[in-house]
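Asker: My questions all concern the structure below.
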Amino acid sequence: MILRSCILINSFFIKQTDTIKEALKKLDITAEKVLFVVDEQSKFIGTISDGDIRRYILNVGQLELNKTIEKIYNNDSIFIFKDEFELELAKKLLFEHKIEAITVIERNGIITDLITWSQAFSENMEKNRKKIDIPVVIMAGGKGTRLEPFTKIFPKALIPVGEKPILQIIIEKFYASGIKEFLVSLNYKGDMIESYFNGIDKNYSVEGVWEKEFLGTAGSLSLIDKKKLKEDFILTNCDIIVNADYSEVLDFHREHNASLTILSAVKHYRIPYGVINFKEKGKVIKISEKPEFTFTINAGVYILNKETLDYIPKDKRLDMNQLIDKLIANKKIIQTYPVNENDYIDIGDWTEFKRSKSKLEILKGY
């Protein structure tokens with residue numbers, strides 16, 4: 001058994017009277033997908049996962065982060081008694097119930113340990129996920145000006161993160177989900193991207209789709225032959241990684257009969273200063289010391305029905321927000337699928353690039 005210190009175990013605990021906002025913060029801090037709900041005597045009474053919170057947000061249609069988790073958490077959770085613990089039993093329960101972690105408890109309900117999926121299985125989590133077989137379109141034609149001066153020499157897609165360029169990391173994450181067909185929109189220094197992927201051994205296909213002009217974040221979709229696409233396809237930027245179970249996202253997209261599903265991330269921002277609210281003539285009403293705000297942001301990854309291509313003009317600049325507005329105006333169904341902040345990695349500028357390295361290390365086990 002993997003015995004942790006009491007301090008480390010306690011970081012996974014949350015009380016049923018705590019708020020959704022507090023749960024999201026703890027999920028970010030622990031970099032796991034589940035917390036363990038305990039009562040006032042620190043006895044195990046259930047679990048709450050990022051999926052539980054996502055379903056709640058989708059059901060109520062808004063971020064009610066000051067609500068308690070009391071009606072959200074799962075009070076019928078799986079656990080193992082300490083005197084019955086075996087690693088093979090933990091693996092069996094994790095796999096059968098498709099859960100992220102399992103608690104080990106004393107007969108009196110006190111948690112003594114917890115086993116996560118990544119600890120129980122040596123192989124990557126993606127190997128146990130349901131495979132999907134739809135193409136991925138990756139936008140890699142931009143100049144990457146926020147990452148200058150590096151992008152004066154190399155395209156953004158070939159920026160190395162560790163031992164591999166970011167585009168290869170993105171493709172291999174999707175490949176682990178069963179995807180083998182990748183269409184890459186090319187323009188700025190696109191020949192370098194083609195040369196790189198032509199020169200490596202791979203078990204997937206990478207086909208370039210060349211823009212003559214810069215067509216924005218959606219315009220180059222007009223250059224893709226619809227015959228190469230299945231009913232649905234994934235669209236992503238070349239500087240974004242979203243660690244999600246894409247079979248679940250695809251099921252969600254199809255269950256809602258959506259034309260387009262936006263993967264979104266719940267982001268927390270803390271203003272590092274006191275914020276002053278005042279009226280006319282400078283009369284101060286209130287000062288909020290280092291306030292925190294929570295937003296649901298566009299993560300830059302989408303699932304689209306191929307019929308959305310009918311709304312994209314040929315060889316004309318179009319950004320994704322414009323396409324989404326056009327689909328909404330035409331009464332098409334647009335859904336969002338929220339993920340946890342730690343499952344979202346953006347290397348679009350140098351600040352985020354530096355943060356992304358540690359996040360990618362965390363996600364290696366997934």
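The values are calculated or read from the model by the stated rules, or taken from the named source; none is laboratory data. What you see is a predicted model, and the numbers here were worked out from it, not measured in a lab. Glycine gets a Cβ as well: all are built from the backbone with ideal geometry, and neighbour counts include every protein chain shown.
Asker: Checking the structure you have, find out if any residue of region 46-60 is surrounded by fewer than 16 Cβ atoms within 10 Å (Cβ to Cβ), not in a helix (DSSP H, G or I) and not assigned by TED's automatic domain parsing to the domain that holds residue 267. Reasoning before the result, please.
Answerer: Of the residues in region 46-60, the ones surrounded by fewer than 16 Cβ atoms within 10 Å (Cβ to Cβ) are 55, 58-60.
Keeping just the survivors that are not in a helix (DSSP H, G or I) gives none.
Within region 46-60, not a single residue is surrounded by fewer than 16 Cβ atoms within 10 Å (Cβ to Cβ), not in a helix (DSSP H, G or I) and not assigned by TED's automatic domain parsing to the domain that holds residue 267.
Asker: Let me ask you something else. List the residue pairs whose Cβ atoms are under 6 Å apart, where the first residue sits in region 87-113 and is in the same structural domain as residue 41 (by TED's automatic domain parsing), the second is of a type in the set (Gly, Ala, Ser), and the two are 6 or more positions apart or on different chains.
Answerer: Pairs that qualify, where the first residue is in the same structural domain as residue 41 (by TED's automatic domain parsing) and the partner is of a type in the set (Gly, Ala, Ser), are 90/120; 91/120; 94/120; 102/90.
Asker: Considering region 1-30 alone, what residues qualify as being assigned to a loop (DSSP other than H, G, I, E, B) and at pLDDT 70 or above? Outline the logic, then answer.
Answerer: Filtering region 1-30 for residues assigned to a loop (DSSP other than H, G, I, E, B) gives 1-5, 11-12, 16-18.
11, 12, 16, 17, 18 - these are the residues of region 1-30 that are assigned to a loop (DSSP other than H, G, I, E, B) and at pLDDT 70 or above.
Asker: Would you please list the contacts, defined by Cβ atoms under 7 Å and residues six or more apart or on different chains, that run from a residue in region 218-229 that is farther than 9 Å from residue 318 by Cβ to a residue that is basic (Lys, Arg)?
Answerer: Listed pairs, sorted by first residue: 226/306; 229/306.
Asker: Turning to a different aspect of this structure: Modelled with pLDDT under 85 and either in the same structural domain as residue 266 (by TED's automatic domain parsing) or not polar (S, T, N, Q) (or both): does that describe residue 70?
Answerer: Numbers: modelled with pLDDT under 85: no; either in the same structural domain as residue 266 (by TED's automatic domain parsing) or not polar (S, T, N, Q) (or both): yes.
For residue 70, the condition - modelled with pLDDT under 85 and either in the same structural domain as residue 266 (by TED's automatic domain parsing) or not polar (S, T, N, Q) (or both) - is not met.
Asker: OK, next. Residues in region 238-260: is at least one assigned to a strand (DSSP E or B) and either over 17 Å from the mean Cα position of the chain (by Cα) or among the polar types (S, T, N, Q) (or both)? Walk me through it before giving the result.
Answerer: Start the filter on region 238-260 by keeping residues that are assigned to a strand (DSSP E or B), which leaves 240-242, 260.
So of that shortlist, the ones also either over 17 Å from the mean Cα position of the chain (by Cα) or among the polar types (S, T, N, Q) (or both) come out as none.
Looking for residues that are assigned to a strand (DSSP E or B) and either over 17 Å from the mean Cα position of the chain (by Cα) or among the polar types (S, T, N, Q) (or both), one finds none in region 238-260, hence no.
Asker: Surrounded by fewer than 19 Cβ atoms within 10 Å (Cβ to Cβ), farther than 16 Å from residue 101 by Cβ and at pLDDT 85 or above, is that true of residue 39? Give the steps one after another, and end with the answer.
Answerer: Working: surrounded by fewer than 19 Cβ atoms within 10 Å (Cβ to Cβ): yes; farther than 16 Å from residue 101 by Cβ: yes; at pLDDT 85 or above: yes.
When the stated conditions are applied, residue 39 passes them.
Asker: Between 213, 207, which is in contact with a Gly (Cβ under 9 Å, 6 or more places away or on another chain) and either aliphatic (A, V, I, L, M) or surrounded by fewer than 16 Cβ atoms within 10 Å (Cβ to Cβ) (or both)?
Answerer: On the way: 207 fails: in contact with a Gly (Cβ under 9 Å, 6 or more places away or on another chain).
Only one candidate qualifies: 213.
Asker: Suppose we filter 147, 158 for residues that are in contact with a strand residue (DSSP E or B) (Cβ under 8 Å, 6 or more places away or on another chain) and assigned by TED's automatic domain parsing to the domain that holds residue 307; which single one remains?
Answerer: Every option except 158 fails the conditions.
Asker: Please state which one of 307, 255, 289, 280 is within 30 Å of residue 131 (Cα to Cα), without any contact (Cβ under 8 Å) to a residue 24 or more places away in the chain and not aromatic (Phe, Trp, Tyr).
Answerer: On the way: 307 fails: without any contact (Cβ under 8 Å) to a residue 24 or more places away in the chain; 289 fails: within 30 Å of residue 131 (Cα to Cα); 280 fails: within 30 Å of residue 131 (Cα to Cα).
Exactly one of 307, 255, 289, 280 is within 30 Å of residue 131 (Cα to Cα), without any contact (Cβ under 8 Å) to a residue 24 or more places away in the chain and not aromatic (Phe, Trp, Tyr), namely 255.
Asker: Further, regarding this structure: If residue 271 meets every condition in (1) crowded, with 16+ Cβ neighbours inside 10 Å; (2) more than 25 Å from residue 223 (Cβ to Cβ) apart from one, which number is that one?
Answerer: In the conditions (1) crowded, with 16+ Cβ neighbours inside 10 Å; (2) more than 25 Å from residue 223 (Cβ to Cβ), residue 271 misses (1) alone.
Asker: What is the number of the single condition among (1) assigned to a loop (DSSP other than H, G, I, E, B); (2) of a type outside the set (Val, Ile, Thr); (3) farther than 27 Å from residue 325 by Cβ that residue 172 does not meet?
Answerer: (1)
Asker: What do you reckon, is residue 115 more than 20 Å from residue 204 (Cβ to Cβ), at pLDDT 85 or above and in contact with a helix residue (DSSP H, G or I) (Cβ under 8 Å, 6 or more places away or on another chain)?
Answerer: On the way: more than 20 Å from residue 204 (Cβ to Cβ): yes; at pLDDT 85 or above: no; in contact with a helix residue (DSSP H, G or I) (Cβ under 8 Å, 6 or more places away or on another chain): yes.
Considered against the rule, which asks whether it is more than 20 Å from residue 204 (Cβ to Cβ), at pLDDT 85 or above and in contact with a helix residue (DSSP H, G or I) (Cβ under 8 Å, 6 or more places away or on another chain), residue 115 comes out as no.
Here's the yes/no breakdown for (1) of a type outside the set (A, V, I, L, M, F, W, C); (2) under 26 Å from residue 292 (Cα atoms):
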position: 233; (1), (2): no, no
position: 245; (1), (2): yes, no
position: 249; (1), (2): no, no
position: 253; (1), (2): yes, no
position: 257; (1), (2): yes, no
position: 269; (1), (2): yes, yes
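Asker: Do we have residue 132 as in contact with a strand residue (DSSP E or B) (Cβ under 8 Å, 6 or more places away or on another chain) and surrounded by 18 or more Cβ atoms within 10 Å (Cβ to Cβ) here?
Answerer: Details: in contact with a strand residue (DSSP E or B) (Cβ under 8 Å, 6 or more places away or on another chain): no; surrounded by 18 or more Cβ atoms within 10 Å (Cβ to Cβ): yes.
Against the criterion (in contact with a strand residue (DSSP E or B) (Cβ under 8 Å, 6 or more places away or on another chain) and surrounded by 18 or more Cβ atoms within 10 Å (Cβ to Cβ)), residue 132 does not qualify.
Asker: Further question on the same structure: Pick from 309, 360: which is part of a helix (DSSP H, G or I), modelled with pLDDT under 90 and either surrounded by fewer than 18 Cβ atoms within 10 Å (Cβ to Cβ) or of a type outside the set (Gly, Ala, Ser) (or both)?
Answerer: Working: 309 fails: modelled with pLDDT under 90.
Of 309, 360, the one residue that is part of a helix (DSSP H, G or I), modelled with pLDDT under 90 and either surrounded by fewer than 18 Cβ atoms within 10 Å (Cβ to Cβ) or of a type outside the set (Gly, Ala, Ser) (or both) is 360.
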